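Here, each number is a calculation from the coordinates, and none is a lab measurement. A quick note: this is a predicted structure, and the numbers were derived from the prediction, not measured. Glycine also receives a Cβ, built like all others from the backbone with ideal geometry; neighbour counts cover every protein chain displayed.
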Amino acid sequence: MTDKEVLLDVKNMVKHFPILAGVFQRQVGVVHAVDGITFDVRKGETFGLVGESGCGKSTAGRTILQLYRPTSGNVIFDGIDLTKTKGEDLRLLRRRMQMIFQDPYASLNPRMTVAQILAEPLVVHNAAKGKEINERIEELLDIVRLSRGFAVRYPHEFSGGQRQRIGVARALALEPEFIVCDEPISALDVSIQAQVINLLEDLQERYNLAYLFIAHDLSVVRHISQRVAVMYLGLLVEMAARDELYSHPLHPYTQALLSAVPIPDPLKEEKRQRILLEGDVPSPVNPPSGCHFRTRCPLAEKICAEKDPEWREVAPSHWVACHLV
Ligand SMILES: Nc1ncnc2c1ncn2[C@@H]1O[C@H](COP(=O)(O)OP(=O)(O)OP(=O)(O)O)[C@@H](O)[C@H]1O
Ligand code: SF4
Ligand SMILES: [Mg+2]
């Protein structure tokens with residue numbers, strides 16, 4: 001793929017949260033939520049970001065959108081470094097980037113009607129006024145396949161799947177080019193999940209949207225992503241085109257995650273060997289020296305504790321951080 005197609009370029013992005021304690025709120029430590037990640041997202045693509053709970057996925061999504069300012073690194077959107085942008089310039093760029101959340105109930109104000117929820121971004125960004133607002137609300141409800149009559153109702157009157165459609169409609173209000181989908185289906189019934197995925201795929205095709213699709217397991221992103229990255233304790237450990245990653249996982253952590261995914265082919269499923277990881281994910285307050293995965297890695301050697309593994313392109317567009325690959 002050519003450079004021209006890159007929409008978002010994340011370079012060595014770090015987000016640390018200070019830990020404050022005592023009456024004087026002195027800083028006593030740092031949460032290494034995101035510890036330096038590098039990847040790009042291309043126009044119209046779905047980029048899957050996968051990792052266990054607490055590894056920094058949501059923080060990464062929020063920091064890209066500048067809802068959190070990064071501790072260091074760069075986030076370049078359509079050629080503009082967001083980390084150096086503020087005020088009105090940042091506000092205008094924010095229209096082009098949106099977020100869909102895991103819990104569609106918590107992310108919708110219960111005291112606002114659907115019409116008010118959808119009108120809010122239009123009004124805040126001065127994107128429509130008067131009659132146009134109502135027209136746009138009806139259009140958005142059509143786009144996400146909800147009845148126009150729903151405009152006067154409140155979030156609690158809807159099912160989980162319908163609420164997520166309202167969340168999607170709100171994200172689309174300002175015609176963005178890029179949406180961070182933060183585990184948008186994990187709170188939904190399995191029967192509804194496919195509907196929301198299909199809707200997101202249709203919208204992508206219709207509006208050439210790029211998605212950063214966050215999930216905690218590899219099976220969820222398999223069907224929808226063109227490329228996938230695996231995250232562990234604040235760092236990316238592997239990134240590749242979807243088929244390459246699922247057929248040739250190189251990092252021991254990716255291999256362990258994949259070994260937990262059932263294979264639809266019964267013959268292959270019978271031979272599947274599960275790699276069980278011992279222990280828990282260490283605290284991001286005190287990540288292990290060297291490779292963050294070394295405390296649980298079945299292959300760890302002395303060098304793994306001494307040196308950070310480099311983020312390297314080991315085959316065309318296949319990136320890995322491991323001393324032994
Ligand atoms: N605002 C914050 N202040 C301090 N620490 C935070 C903040 N937000 C997240 N963290 C910490 O940063 C780490 C990464 O959290 P994050 O929510 O990004 O993980 P996640 O991968 O999205 O997890 P999950 O799958 O549970 O959603 C966690 O240890 C979390 O406790
Ligand atoms: S660098 Fe060492 S500890 Fe880390 S994944 Fe590779 S072998 Fe395992
Ligand atoms: Mg999260």
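Farthest toward the positive end of the dipole of the stretch 110-175, out of ALA119, LEU172, VAL152, is the Cα of VAL152, where the dipole comes from beta carbon charges about the Cα centre. A straight Cα-to-Cα reach below 22 Å connects LYS86 with the lysines LYS11, LYS15, residues fewer than 8 places away in its own chain not being considered. Between ASP308 and ALA241, full extension at 0.36 nm per residue minus the direct alpha carbon distance yields a gain of 21.7 nm.
So which trypsin sites (Lys or Arg not before Pro) in the stretch 219-325 end up in coil per DSSP with only 12 or fewer other C-beta atoms within 10 Å? Intermediate results must be reported in sequence, preceding the final value.
Values: sites: ARG222, ARG227, ARG242, LYS268, LYS271, ARG272, ARG274, ARG294, ARG296, LYS302, LYS307, ARG312; in loops: ARG272, ARG274, ARG294, ARG296, LYS307.
Passing sites in the stretch 219-325 are ARG274, LYS307.
Extending 7 Å from Cα along the Cβ direction at ASN286 and again at PHE24 yields two label points whose distance is 2.4 nm.
Per-residue extension of 0.36 nm, minus the Cα-Cα distance of SER219 and ALA194, leaves a gain of 7.7 nm for this segment.
Summed over all non-identical Cα pairs, the Kirkwood treatment of the stretch 1-144 gives a radius of 17.8 Å.
Would you work out the charge dipole size for the chain about its Cα centre, treating the Cβ of every Lys and Arg as +1 and the Cβ of every Asp and Glu as -1, and quote it to the nearest 20 debye?
On the way: 38 positive and 41 negative charges, 155 e Å.
My answer is approximately 740 debye.
Its DSSP H runs of at least 4 residues, each contributing -39,500 (n - 2.57), put the calculated 222 nm mean residue ellipticity of the chain at -9000 deg cm²/dmol, to the nearest 500.
Put a plus charge on the Cβ of each Lys and Arg, a minus charge on the Cβ of each Asp and Glu, and nothing anywhere else: the dipole of the stretch 110-175 about its Cα centre is then about 200 debye.
Counted by neighbouring Cβ atoms within 10 Å, the residues HIS223, HIS323, HIS292 run from fewest to most as HIS223, HIS323, HIS292.
Please arrange HIS16, HIS32 by how many other C-beta atoms lie within 10 Å of their C-beta, fewest to most. Kindly include the intermediate steps, with their values, before the conclusion.
Working: HIS16 18, HIS32 22.
Going from sparsest to densest Cβ surroundings: HIS16, HIS32.
Each principal axis of the stretch 110-175 carries a Cα extent, and these read 30, 23, 19 Å when sorted largest first. Working note: Cα gyration tensor of the chain, eigenvalues times five, square-rooted, sorted largest first, giving semi-axes of 35, 24, 19 Å.
Annotation: the antiparallel percentage among DSSP beta bridges lying fully within the chain is about 65.
Given a Förster radius of 56 Å and the C-beta distance between LYS268 and HIS125 as r, what FRET efficiency does 1/(1 + (r/R0)^6) yield to the nearest 0.05? Efficiency, from the Cβ-Cβ distance: 0.65.
How much length is gained on full extension from ASP81 to TYR207, taking 0.36 nm per residue of separation minus their Cα-Cα distance? Please list the in-between numbers first.
On the way: separation 126, 0.36 × 126 = 45.36 nm, distance 2.38 nm.
Using 0.36 nm per residue and subtracting the Cα-Cα distance, I get 43.0 nm.
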